[in-house]
Amino acid sequence: MTSGQPAKNFWLWGTWGKRKITAPFLTQKVVGKIRDVVIGQSFIIALEESGTLVSWGEDKVGCLGLGNDRVNQPEPAPIPFPMVDEQSVKVVDVQFGRHHVMALTDKGKVYTWGENSGGQLGLGDLQTRFEPALVEELNAYTVTQVVAVDNMSYALTAHGVVYAWGENKEGTLGLEHDSPKVPRPEPMMRMREQGTHVKKLLVKDCGTTNGKTSKVVIACVEMAEPRSFKDLPGGFARPLGELSAEAREKALSKEQEREIFEGVDLMRKVMDKVLDMWKHVLSIRHGSPYEDGDGGQDEDQFGDNSSATDNCTALQLDRFVELEELRSAEMEMAFLIDESSNQIREIKSKEKGTKNILCVLSVFVDMCRLRREKIRSTISTRELLDHKRGIDGTIVVNDFVNNKAEEKKKLRDANERLISAMSKVRKQEVPNFFAKALQDSIAECIECKLQVHATQMEHLKSVSNEPSDTIKPALQVIKERWISLRNVSVYRMYQEFQRGGPKKFGSDEELLTFLCQSSDSKIDHIIQVDRDRLISRDLLVPALCYDLLLENAELRKMCNAYQLRVLLMRSDQKKGRH
C-alpha cells in the first residue's frame, strides 16, 4: 500500500439507521491502521493508531466535530482539538451516546461535543457543541475511563471515583438527587461514602421493553486478575520464548526490577537537580580554574557562558573584581555545598541502587568545595597584597640634604608604617597552605626591611659619633622571637578553654592532645622562618644565638605535655576536696 492510500479498515453489516445491510462490505476510508470506531445514524468516527480522530458522513447536531459549517463530510477529516502546551492532543478512547461524543486523552482529560439538551456534555450549559470542548470540571483529575449511555455520561478517575452528568429523568444517573438535568460532572457519593474503589465501568443490555432496549451501568469493584496466557483460547503452557522455571529463578524478581527502575528514576531526578545547580555555579563565575597557558576564560561544554558579556578571564576576575563580590560568591558556594550534602544524607538512607547517584553528588560537592577554597584563597591573597601596598605613602622629608636628623626621621616614619603593616599581615586569616606561605613571605620581607632600617639607623649614629652597634638590629629580631615563644603558654590556653567552653572533649586525654597540638603549632609558626637560614639569619651574629632559640622552642614543646598534666591533676584534687 502506498502512502496516502486508504487501508482495508473494517467490514460492516447489520441495521445501520434506516438501512439494513445483509451482505458485509469492506470499508476503505482511513489511511493507516485504526484502533476503534463509533457509528451514528449517518456518520462514522474512527480512532487512528496515532491518537487522531477522523469523521465522515452527515450529522446536524455536531457529532462530526468538524464545526457548525461542516455537517456533511463525504471523506474522513481530522477532528480539531485545541492545543495543550503547544502540543497536539492524543486520544486513547472514544464513546458515543445517543447524540453526543466523548473522547479520553492520554493525559486523562475528557472532551465532549454534539447535542447537549440534557447537559450530557458536562460543560455547565445546554448549548450544542460542533467541536470538541474540554470538560473543565474534571481537569483536576486523571480520568481513566469514559462511558456514554443515551443522554448520560460517566467518567472514572484514577482514584476510583465515578462522576456522572447529563439527563437524570427519574434519577437514572444514580446521583443523590433527582434534578432532571445535570450539566456538570458530580461524584456518585454513595459509592464514595462506602469507601469502595471502582476499577472499571461496564454498560450491559438487559433486554427489550416496549420496543426499547434497556441498559444498565455496572461499576466493578473487586475484579479477578487478567487471565494468564495459558488460559486464553489457543494458549500454551507459557508464551513462546518465555523462560522456564529454572531460568526464571535466575532472572530478576519484580522487587529487583522495581528497585532498578526506582534507582533509574532517582538518578534522573538527581541529574536534573545537579544540572540546575551546575548552571548556577557557572553563573557565579568566580572560583573557576585558570586555563592552561594564559589563564584565559574557562569554557565548559555543558555550561552557558553567554552571560559573561564582559569577556573577562577567570584570572582577571580574581585580580580586579570587588572583594564583596568574591565574598558573596563564597556564600553561594557554601549554600550549594550544604544543599548537596543534605541530599547525600537523604539518599544514604536508601538501602540499594544509590552508588552512582552518591558518586555524582560527591563529585559535585568536591567541585564546589574546590571552587570555594579557590575563592577564599583569592580573597586572602588580595587582602594580603592590599596590606603590602598600604605600606606605601609620602614621607615628608627633604632628599639630598646632608642632615642626619632628617634621615633618622625618614627611617622612623617608614618603620612605623612597616610595623603597622606587619601587624595587619600577621592578623590576617588564611584558608590554606598557599596563602599561609604568602603571608609568611610578606612578613619575612617586612621583617628584613625593618632590620635594614635598624642597621642604617645604627650606621647614622656611628657617623654622628653616637654609641652604636651594627649587630644590635639582628639581636633585636632574635629577642622578639624569644618574647613570642615565651608568650605561648599552655596555662593561658587552658584558661581560655575554660572561659570559652563551646568545645567539648570526651576525656582529659583528648583535651591534652588538643592543647598540646595547638601550642606546638604556634611555636612552629614562630620559628619556622629560621629554616631559611641564609635569608633569615644575619651572618655577623654567631649561629649559636639562633641555635639556642631553636633549642628553647623544642624544650617548650616537650614541657607542654608535662605542664598540662600537672594542671589536670590539680583540677582533679580540687574537685575531690569539694
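Each value in this text was obtained by applying a stated rule to the coordinates, not by laboratory testing. Keep in mind it's a predicted model, so treat the numbers as computed, not measured. Virtual Cβ from ideal backbone geometry, glycine too; neighbours counted across all protein chains shown.
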I want the local charge near VAL71. Using Cβ-Cβ distances under 15 Å, sum +1 for each Lys or Arg and -1 for each Asp or Glu among the other residues. -3
Find how many whole Å separate the alpha carbon centroid of the stretch 110-168 from the alpha carbon centroid of the stretch 53-81. 20 Å
Counting only residues 5 or more apart in sequence or on a different chain, those whose built amide H sits under 5 Å from that of THR144 are LEU156, THR157, ALA158
Over the stretch 146-202, calculate the relative contact order: mean separation of alpha carbon pairs under 8 Å at least 6 apart, over the residue count, as a percent. 30 percent
Label-reachable residues, the stretch 133-147, where backbone N falls under 13 Å from a point 7 Å from HIS159's Cα toward its Cβ: 138-143
Proximal charge balance of ALA140 [Cβ under 15 Å; K/R count +1, D/E count -1]: 0
Nonlocal amide H pairs with LYS215, under 5 Å, H built at 1.01 Å: CYS206
Using Cα positions and a limit of under 28 Å, work out the lysines in reach of LYS408, with same-chain residues fewer than 8 apart set aside. LYS388, LYS424, LYS449, LYS461, LYS472, LYS479
In terms of modelled amide H atoms, which long-range or inter-chain residues lie less than 5 Å from the amide H of THR27? ASN9, PHE10, TRP11, LEU12
Once you have the Cα-Cα distance between ALA437 and GLU262, take 0.36 nm times their residue separation minus that, and quote the gain in nm to one decimal. 58.0 nm
Could you calculate the contour length gain from LYS90 to THR213, that is, 0.36 nm times the residue separation minus the distance between their Cα atoms, to one decimal place in nm? 41.0 nm
Taking R0 as 25 Å, what FRET efficiency do you get between SER420 and HIS525 from their Cβ-Cβ distance, rounded to the nearest 0.05? 0.75
Run down the lysines and flag those whose C-alpha is under 26 Å from the C-alpha of LYS279, throwing out any fewer than 8 positions away in its chain. LYS269, LYS348, LYS355, LYS374
Efficiency of FRET between MET331 and VAL452 - r from beta-carbon atoms, R0 35 angstrom, step 0.05: 0.25
Using Cα positions and a limit of under 18 Å, work out the lysines in reach of LYS60, with same-chain residues fewer than 8 apart set aside. LYS18
